[in-house]
Every structure is written in structure tokens, then in C-alpha cells.
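The values are calculated or read from the model by the stated rules, or taken from the named source; none is laboratory data. Everything quoted here is computed from the prediction, not taken from an experiment. Cβ atoms come from the backbone with ideal geometry, glycine included; neighbour counts cover every protein chain shown. Ligands, DNA and RNA are stripped out before the accessible areas are found, and what is left, the full protein with its side chains, is counted by its heavy atoms. Shrake-Rupley method; radii C 1.70, N 1.55, O 1.52, S 1.80 Å.
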Amino acid sequence: MEKTELMKTISEQLQKGKAKDVKALVNEAIEAGVPAGEILSEGLLAGMSAVGDRFRANEIFVPEVLVAARAMNQGAALLKPLLAGEGVQAGGKVCIGTVQGDLHDIGKNLCKMMMEGKGLEVVDLGTDVAPETFVRTAKEQECSVICCSALLTTTMEKMREIVEEAEKAGIRDKVKIMIGGAPVTQEYCDRIGADAYTPDAASAAEQAAIFCKG
């Protein structure tokens, strides 16, 4: 299979969530001497980007996204050591978590997968994350973006504390703060001084990639 056809097939199989086929095709591309960076961007990330578009258009739903993301991660695992050798850097670094007092993680996990699908490195802090943990991680790991999720009206006030904590730590001008989750709105984002509100995982990934480009 020639290179363009191979990349297209990787993308298509990933969109179908065929992890076994994706791994076999990625191996075939590696053996054919295709640079790992190309396999990643033209095969895996192109496929995940298409998944994001279809998810946003309500053509596919959460289960299909999860299966596609698993296929992408398995293909990417084969490329990791080669990417390091080629000096390919992630497109930016983001830390993500569900705010303190909130244990919901489906939305956060989807965002993480979509962001990885954009070529970003994602530090996943899990659920019930204290404001100072978000800020300390962003500082220590040199993240460009803090992404926080809340599914309860009672916990979303923690997002305001994250903005205040970032100001206190002196990193507010260096780190963008993104918020999302069912009760969260653009109006609330403006009120607490966060940088962006996104209504779904696909647009969150797009916005995070834009912020990481600076």
C-alpha cells in the first residue's frame, strides 16, 4: 500500500474503532519507513479529528468516541519511542480535572481523549481536585492551559477559586483557564474571569489547541 493510501486507511480504521487493524497498519507504516510524526499526524490525529467533527455533528455518540480513542492510544503507543527519537514534541501541555467535591468524570475523560487526539499532552488530575492542585500542577508541569469540569451547580463555584488561586500564584498571565460541564455557561465564564467556556469535548479540544499555539 502506498503511503497516502496507508495513512487514509489508518484514519478510517481508527474512526471505526478497529484497534487491532490500527496497530497492524501502524506497524506496516513503520516498517515501510514512514516517519513516526507523519503516521501520527496524517493517520491517527487525522482520524481522531474526523471523530471529533462527527461527534459534534451528533453523527456518533460517546461509546463510538471511546472506542476510537482506544484505537488511537494503541497506535500511538507504538509510535511513542520513535517520536522521541525524531524529536517530535507534543503540540502543547494541558492539565485537566473535575473540581473539588465533584466525582463526575465522563465529560472530563472525553475532553482528555479529544485533546490527545489534537496532539496535546494531557496531565489528568482525576476528580475532586482542589483549586491549589490545578494551579500547582500547571506551574510545576509548565502547562499552557488548566481545564476544569463540574457537573453540579454546588461545585462549579470552585472554578472561581481556581482563577483566584492562579492569580495569587502569579501565573494568570501565562496559563489559560478553560471551564465546562452541564451547569456552566458563557455568562458564568465571563463573571469569574476564566478564558473560555466550551459546550462539548470536541470544541474544548479545539480551543485548548488554539491556546497552546499561543
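Taking segment 158-214 as the range and being under 11 Å from Val135 (Cβ atoms), hydrophobic (A, V, I, L, M, F, W, C) and assigned to a loop (DSSP other than H, G, I, E, B) as the test, the residues that pass are Ala169, Ile171, Val175. Here is the figure for segment 139-152: residues that are part of a strand (DSSP E or B) and surrounded by fewer than 19 Cβ atoms within 10 Å (Cβ to Cβ) total 0. Candidates Lys158, Lys176, Lys168, Lys139: the one that is within 17 Å of Ala208 (Cβ to Cβ) and not β-branched (Val, Ile, Thr) is Lys176. Counting just the residues of segment 47-75 that are within 24 Å of Ala29 (Cα to Cα) and more than 14 Å from the chain's Cα centre (by Cα), which one comes out most open to solvent (accessible area, probe 1.4 Å)? Here the residue is Gln74. Thr155 passes every criterion in (1) open to solvent by 30 Å² or more (accessible area, probe 1.4 Å); (2) outside any helix (DSSP H, G or I); (3) among the polar types (S, T, N, Q) apart from (1). Of all residues in segment 122-138, those that are buried (at least 18 other Cβ atoms within 10 Å of the Cβ) and either on the phi > 0 side of the Ramachandran plot or touching a Pro at 6+ places or on another chain (Cβ under 6 Å) (or both) total 0. With respect to the conditions (1) free of Cβ contacts under 8 Å to residues at least 12 places away in the same chain; (2) touching an Asp or Glu at 6+ places or on another chain (Cβ under 9 Å), Gly37 falls short on a single one, namely (1).
For segment 31-46, filtering for residues that are surrounded by 18 or more Cβ atoms within 10 Å (Cβ to Cβ), within 24 Å of Ile60 (Cα to Cα) and small (Gly, Ala, Ser) leaves 2.
Within segment 76-103, being surrounded by 17 or more Cβ atoms within 10 Å (Cβ to Cβ) and farther than 27 Å from Leu25 by Cα holds for Lys93, Val94, Cys95, Ile96, Gly97, Thr98, Val99, Gln100, Asp102. Close contacts from segment 190-205, counting a first residue that is closer than 17 Å to Leu120 by Cα and a second that is buried (at least 18 other Cβ atoms within 10 Å of the Cβ) and among the basic types (Lys, Arg), with Cβ to Cβ under 7 Å and a gap of 6+ residues or different chains, come to Ala205/Lys118.
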